[in-house]
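What follows is one structure encoded as structure tokens, with my remarks underneath.
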Amino acid sequence: MIVAHLGSGASLCALKDGKSVDSTMGFTAVDGLCMGTRPGAIDPGVVLYLFQTLGLSAKEVETILYKKSGLLAISEISNDMRDLLGRTEPEAQLAVDYFVYRAAKEIGALAAALGGLDALVFTAGIGENSPEIRQRICRASAWLGIELNEEANAGKATRISNAESKVSVWIIPTNEEEMIARHTGRLLGLSNAAAQASRS
């Protein structure tokens, strides 16, 4: 399966037999998908250009890569997908189009890495709450055998693919804080219940 964690930060993870085999993230979480303020995949030559031609400092380049890129830079309006979906400016539409394009492109790449795809899971802020983005990504990925159930998608059902779909599509809410607590508890030798209690 591929898990599409789509939010202000965004990434895709390919899972086989419950284990991660590939991800859109690289050395850092800046790589991969276009995000709210981070560029995702970028030609390293761009970074050299910022240093060598524009003469920017390391701190200035860091600020651009982490806080002034992505949806914000493309649209020059907002880093929030909810704002961009409600706008009519070409720049806002371009930012949304690029976000969908990158997600669909990487889903294809990860499906190839897996040797096929059984399921696609949407999660996080955009993945859980934007029927339009889910619809557009699924349409762009229809060649994999995805058939979206439009009514289920609009109603935010758990399974949003048709019964005939070769690839099942799901919305599963994420809870990063709970997972961090569980992993921390495991490292400390605590039970899940004790880890959750300590978090609260």
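The values are calculated or read from the model by the stated rules, or taken from the named source; none is laboratory data. Computed from a predicted structure; not experimentally measured. Glycine also receives a Cβ, built like all others from the backbone with ideal geometry; neighbour counts cover every protein chain displayed. Surface areas here come from the heavy atoms of the whole protein model, side chains and all, with no ligands, DNA or RNA. Shrake-Rupley method; radii C 1.70, N 1.55, O 1.52, S 1.80 Å.
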State the number of lysine pairs found in the chain whose Cα atoms come within less than 27 Å, restricting to pairs 8 or more positions apart or on distinct chains.
-> 13
DSSP loop trypsin sites (Lys or Arg not before Pro) with at most 14 other Cβ within 10 Å excluded, longest remaining stretch of the chain | 69-155
Whole number in Å², please: accessible area per residue of segment 1-134, 1.4 Å probe, ligands, DNA and RNA not counted.
-> 50 Å²
For segment 7-78, state which GluC sites (Glu not before Pro) are in a DSSP loop and have at most 14 other beta carbons lying within 10 Å of their beta carbon.
-> 76
Global geometry of the chain, whether rounded, prolate or oblate, following the gyration tensor of its Cα atoms and the 1.5 cut on a/c = oblate
Around residue 129, with a cut-off of 13 angstrom between Cβ atoms, what is the net charge of the other residues, counting Lys and Arg +1 and Asp and Glu -1?
-> 0
Fluctuation leader among 145, 36, 125 - the chain, Gaussian network, Cα springs under 10 angstrom = 145
In sequence order, what are the phi-derived ³J(HN,Hα) couplings for segment 121-126 according to the Karplus relation 6.51 cos²θ - 1.76 cosθ + 1.60 with θ = phi - 60°, rounded to whole Hz, with x for glycine and proline?
-> 10, 9, 8, 6, x, 6
Of all DSSP beta bridges located in the chain, what percent are antiparallel, nearest 5?
-> 55 percent
State the answer as a single residue: which of 189, 79, 53 lies farthest towards the positive end of the charge dipole of the chain, with beta carbon charges of +1 for Lys and Arg and -1 for Asp and Glu, about the Cα centre.
-> 189
Whose amide H sits under 5 Å from the amide H of residue 16, counting only residues 5 or more places off or on another chain, with H placed in the peptide plane?
-> 21
Which order do 74, 42, 146 take by accessible area at a 1.4 Å probe, largest first?
-> 42, 74, 146
For residue 59 and residue 142, compute 0.36 nm times the residue count separating them, minus their Cα-Cα distance, and round to one decimal in nm.
-> 25.7 nm
Give, to the nearest whole percent, the P(r) tail of segment 32-77 beyond 17 angstrom, counting all Cα pairs.
-> 31 percent
Percent of accessible area on the chain owned by carbon and sulfur, 1.4 Å probe?
-> 54 percent
Residue with peak Gaussian network fluctuation, the chain [Cα springs, cutoff 10 Å], from 121, 167, 21 = 21
Length added when fully stretched, residue 180-residue 27, from 0.36 nm per residue minus Cα-Cα = 53.1 nm
